[in-house]
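Colleague: Okay, handing you the structure first.
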Amino acid sequence: MRTETAPEQTAGTSRKAWWLQLGVGALCLIAAGGLFRYAGERFLPAPEFVAALPGQSPPVPLEANRTPHPDAPPREIGPTYDGDAALPEHAKEVASYWLKAKLDADTHRVTGSGRIKWTNTSDVAVRQLWLHLYLNAFKNADTVFLRSPFGAGRSGDKAEEWGYIDLVKLRAVDFGGVDLLKNTAKHSPDDPKDETDIRVDLPQEVAAGATLTLEVEWESQLPRIVERTGYLSDYHFVAQWFPKLARLERDGTWRHFTFHAQSEFYADYGNYDVTLDVPERYVVGASGETIERRVEGGRLIQRQRVQDVHDFAWTAWPGFQQHDETIDGVAVKVLYPPAHERNLADTLDALRFALPHFGKHYGRYPYKTLTVVHPPRYAANSGGMEYPTLITTGGAWHDSYWNRGVGGVTIHELGHQWFYGLVGTDEHNWPFLDEGLNSYAELVAMREHYGESSLVALPSLSINRRSVMRAAAASYGEDDVVGRPAAAFPNFRAMGALVYARTATIMDTLAGVYGRANVERALGRYMRYYRFKHPGPRHFVAAMREVLGDEASQNLERALFERGRVDYTIRSVESQKTRKSAGIFDDGGRHTVSSGDPPEHDYTGRALVYRHGDLKFPVQVLLLAQVGSRSVQDW
């Protein structure tokens with residue numbers, strides 16, 4: 001048990017008839033930001049990170065993440081990255097895919113083939129590859145994903161009809177077309193019931209800097225919609241649907257992991273050239289730009305191309321309505337169900353604000369296109385997700401009449417084009433760098449666009465996003481730390497409260513203390529400098545330290561990687577008649593005798609303020625008298 005002696009200070013003033021009213025806000029203790037008192041008195045040291053499940057690459061503790069490394073951040077990023085002039089035009093091409101996919105709309109099966117070109121960008125030769133076969137998470141009830149206590153996680157449904165991905169062919173072109181399937185592991189490491197994380201042994205080494213080309217064929221059976229992918233009736237949302245290479249780090253470590261219900265993804269940047277083949281009556285939305293579209297034999301053939309991304313997703317449904325518009329130089333396509341014109345209007349309103357807003361704060365959007373998918377109501381579980389140049393939103397047709405749900409989801413998912421999308425952080429090990437920072441960016445955008453009614457707007461009730469974030473952050477107390485792997489959280493409620501809400505509240509607190517413009521400048525430099533570079537926590541903390549200073553970065557680290565909290569309390573409050581000192585006093589050369597009798601109606605109020613928490617933020621103490629007078633003291 002860690003303990004710490006908390007400093008205290010007395011705040012007082014002398015005014016007439018002080019009445020210090022607690023519980024109704026007459027005496028207010030105002031933290032400079034938003035990290036307020038959490039329930040409970042415990043303060044426990046943060047646990048060491050331990051791999052939550054067999055077969056996962058171990059998460060990296062913060063101290064290990066600080067070890068000197070060739071990619072270590074400079075002490076200063078500098079004002080060059082306050083603007084876009086130094087932004088890279090392209091990512092380093094590491095893993096590129098040329099794929100063809102045919103959808104059987106009756107069986108909900110995708111047959112695929114193609115080539116994968118991979119470059120070993122590490123400093124060492126490798127003799128094996130790792131492939132993510134994400135759809136196997138829905139193969140049976142014994143997978144890591146579905147046997148977890150949270151089942152299908154955020155979507156809330158188990159797979160009612162199973163999904164899987166079967167490798168049919170895997171050959172190494174550079175090694176004479178040798179068949180790699182016979183040397184491919186049949187299940188995830190140390191977990192014979194899971195097949196989402198597969199090792200592929202190679203017949204010879206791939207040297208550092210060398211390139212390997214694979215020929216691949218596979219079949220993907222889509223599940224009934226679960227965790228933002230699958231089908232329902234004739235609607236299809238196709239995500240994590242192809243064999244996908246894991247990311248190899250600079251030191252030769254493969255960042256591979258089984259697909260967990262709370263975890264998302266981590267992959268290298270590359271280029272995608274994907275040809276989709278669907279029934280003619282279907283409307284298709286997909287990552288990237290459509291470079292070819294034709295109809296043959298009752299089938300729609302649509303070819304997509306996109307550069308500098310780390311994933312590709314698509315959707316097909318005959319019921320989609322389509323709206324096309326150019327926003328901030330980006331060709332935006334919105335696909336939505338019939339009779340959802342009000343939600344379309346809210347989506348467009350959010351996009352018209354958020355695309356230039358995010359570009360201004362975190363660097364310009366580098367892609368030509370953006371596709372926004374609003375699923376039909378019966379397939380709502382595929383909504384609220386992000387992929388490169390494609391996001392999904394959602395909501396009932398009547399939602400827009402009383403809340404900002406559609407606009408909020410649109411802004412949040414669009415923000416992911418920057419947070420994870422353009423920096424490529426490790427969502428599996430460090431989800432706060434993705435969901436947490438994006439939730440803060442969403443909070444800032446919602447406040448700027450919608451004001452104090454940024455969540456609910458009714459004639460007699462306005463609720464803002466910041467208040468909800470603060471309440472959610474407080475709801476989980478201090479039982480866990482923010483900076484840990486997604487799979488290490490006990491449930492999604494904990495992950496939501498800590499990763500999403502508490503990270504956003506931490507950042508909002510820093511903004512309240514050190515200035516919103518300074519926090520935005522620090523975050524903007526981080527996002528621009530590390531575009532396409534896969535930064536980790538130490539890069540983020542260093543960027544914040546550069547602009548905000550050492551005290552801010554120390555508070556940030558305690559808040560993220562320990563159970564750091566702001567906890568100021570009122571130890572005591574009193575109001576008493578003011579007494580003059582008794583005795584003989586010199587006054588202009590004469591002796592004045594004071595009786596010490598208090599003047600009528602003259603009172604002194606005092607409040608003893610005590611700091612329990614270990615985060616040392618400035619605080620204001622406001623003393624408000626019943627008669628309306630007030631005194632403010634900074635501590």
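For every residue, the table says whether it meets (1) assigned to a helix (DSSP H, G or I); (2) acidic (Asp, Glu); (3) assigned by TED's automatic domain parsing to the domain that holds Tyr266.
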residue: Arg484; (1), (2), (3): no, no, no
residue: Arg493; (1), (2), (3): yes, no, no
residue: Ala504; (1), (2), (3): yes, no, no
residue: Thr509; (1), (2), (3): yes, no, no
residue: Phe540; (1), (2), (3): yes, no, no
residue: Glu546; (1), (2), (3): yes, yes, no
residue: Asn555; (1), (2), (3): yes, no, no
residue: Gln576; (1), (2), (3): no, no, no
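Colleague: When segment 284-306 is examined, which residues are found to be under 22 Å from Leu414 (Cα atoms) and part of a strand (DSSP E or B)?
Modeller: Matches in segment 284-306: Val284, Gly285, Ala286, Glu289, Thr290, Gln304, Arg305, Val306.
Colleague: Restricting attention to segment 139-166, which residues are at pLDDT 90 or above, out of contact with any Lys or Arg (no Cβ under 9 Å at 6 or more places or on another chain) and crowded, with 18+ Cβ neighbours inside 10 Å?
Modeller: Hits for segment 139-166 are Lys139, Phe145.
Colleague: Shifting gears a bit: Within segment 338-362, can you find the residues that are touching a residue at least 60 places away in the same chain (Cβ under 8 Å) and more than 21 Å from Arg447 (Cβ to Cβ)?
Modeller: Asn343
Colleague: Give all pairs with beta carbons closer than 7 Å in which a residue from segment 497-508 that is under 14 Å from Gly483 (Cβ atoms) meets a residue that is among the acidic types (Asp, Glu); count only pairs at least 6 apart in sequence or on separate chains.
Modeller: The qualifying pairs are Leu498/Asp480; Val499/Glu435; Tyr500/Glu435.
Colleague: Also, quick follow-up: Do the conditions hold for Arg250, that is, is it touching a strand residue (DSSP E or B) at 6+ places or on another chain (Cβ under 6 Å) and either not polar (S, T, N, Q) or not in a strand (DSSP E or B) (or both)?
Modeller: Here the answer is no, as Arg250 does not meet what is asked.
Colleague: May I ask you to verify whether Gly114 is of a type in the set (Gly, Ala, Ser), at pLDDT 95 or above and either in the same structural domain as Trp218 (by TED's automatic domain parsing) or not in a strand (DSSP E or B) (or both)?
Modeller: yes
Colleague: Please tell me if Pro338 is part of a helix (DSSP H, G or I), surrounded by fewer than 22 Cβ atoms within 10 Å (Cβ to Cβ) and out of contact with any helix residue (DSSP H, G or I) (no Cβ under 6 Å at 6 or more places or on another chain).
Modeller: So Pro338 does not fit the description; no.
Colleague: So, in segment 185-223, exactly how many residues are closer than 23 Å to Glu161 by Cβ and surrounded by fewer than 19 Cβ atoms within 10 Å (Cβ to Cβ)?
Modeller: Going through segment 185-223 one residue at a time, the tally reaches 3.
Colleague: Filter segment 362-397 down to residues that are crowded, with 19+ Cβ neighbours inside 10 Å and in a helix (DSSP H, G or I) and give me whichever is modelled with the highest pLDDT.
Modeller: Going through the qualifying residues, I end up with Tyr362.
Colleague: Turning to a different aspect of this structure: Looking only at residues in segment 454-500 that are modelled with pLDDT under 90 and of a type in the set (Val, Ile, Thr), which one is nearest to Asp346 (Cα to Cα)?
Modeller: This residue is Val456.
Colleague: Of everything in segment 612-635 that's more than 31 Å from the chain's Cα centre (by Cα) and charged (D, E, K, R), which residue is farthest from Ala511 (Cα to Cα)?
Modeller: Step by step, filter segment 612-635, then rank; the result is Arg630.
Colleague: Condition test on Thr315, is it in a strand (DSSP E or B) and either within 19 Å of the chain's Cα centre (by Cα) or crowded, with 23+ Cβ neighbours inside 10 Å (or both)?
Modeller: yes
Colleague: If you scan segment 76-119, which residues turn out to be of a type in the set (Val, Ile, Thr), surrounded by fewer than 19 Cβ atoms within 10 Å (Cβ to Cβ) and under 21 Å from Phe242 (Cβ atoms)?
Modeller: Thr107, Thr111
Here's the yes/no breakdown for (1) touching a Gly at 6+ places or on another chain (Cβ under 8 Å); (2) modelled with pLDDT under 95:
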| residue | (1), (2) |
| --- | --- |
| Val295 | no, no |
| Trp314 | yes, no |
| Phe320 | yes, no |
| Glu325 | no, no |
| Asp328 | yes, no |
| His340 | no, yes |
| Asp346 | yes, yes |
| Leu351 | no, no |
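Colleague: Tell me yes or no: at least one residue of segment 243-259 is exposed (fewer than 15 other Cβ atoms within 10 Å of the Cβ) and of a type in the set (Ser, Thr, Tyr).
Modeller: Within segment 243-259, one or more residues are exposed (fewer than 15 other Cβ atoms within 10 Å of the Cβ) and of a type in the set (Ser, Thr, Tyr).
Colleague: Only one residue in Arg247, Arg224, Arg199, Arg228 is in contact (Cβ under 8 Å) with a residue 24 or more places away in the chain and on the phi > 0 side of the Ramachandran plot. Which one?
Modeller: Arg228
Colleague: Report the residue count in segment 257-283 for those that are under 29 Å from Gly436 (Cβ atoms) and not in a loop (DSSP other than H, G, I, E, B).
Modeller: 2
The values are calculated or read from the model by the stated rules, or taken from the named source; none is laboratory data. Please read these numbers as outputs of a predicted model, since none were measured by experiment. All Cβ positions, even for glycine, are placed from backbone atoms using ideal geometry, and neighbour counts span all protein chains on display.
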